[in-house]
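Quick notes on the structure that follows.
Read the figures in this text as sums done on the coordinates, not as results from a lab. Owing to the predicted nature of the structure, the values given are computational and were not obtained by experimental measurement. Here the Cβ is made from the backbone with ideal geometry for all residues, glycine too, and neighbour counts use every protein chain on show.
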């Protein structure tokens, strides 16, 4: 079976990218300050400049990796199954037949709730084949949950 690389895939909400940047800032800024302030106070420019430069480089690297991870997520609803793809360095494509779904969770952490986002988690009998789709707007997550549940019931009764 050939799975198209990007054609027709739906992506997480752009709000997910904003939420992830906020999470990064809430983590990186205090850590950078904890490293750079003592370096400047106790080491002056000799220690402060390299530590500040390292903090900026690490923050830029973390931002780049986070951006790539956000852009790698996608899902495609097909006639008989759902395809979920993600991964920056190691690409993973999961195909979940609707008839194999046992239940579907919709969850949201505190930052996701602030941005109106949710994650849809699909559960099947095989634990390794579970798939999740993060960063969906709450309305889209509810719509997808309801659609997948109805398709799962319809195809499971045909077994």
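Rounded, prolate or oblate, given the Cα gyration tensor of the stretch 74-157, with a/c below 1.5 counting as rounded?
Working: a/c = 1.91, a/b = 1.26, b/c = 1.52.
Cα axes put the stretch 74-157 in the oblate bin.
Mind ranking 35-48, 11-24 by how tightly packed they are, going by the mean number of other C-beta atoms within 10 angstrom, highest first? Intermediate values should be presented prior to the final figure.
Details: 35-48: 13.4, 11-24: 17.4.
Final packing ranking: 11-24, 35-48.
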Kirkwood Rh for the chain from C-alpha pairs, in Å, is 17.9 Å
Here the relative contact order (percent) of the chain, from C-alpha pairs under 8 Å and at least 6 apart, is 21 percent
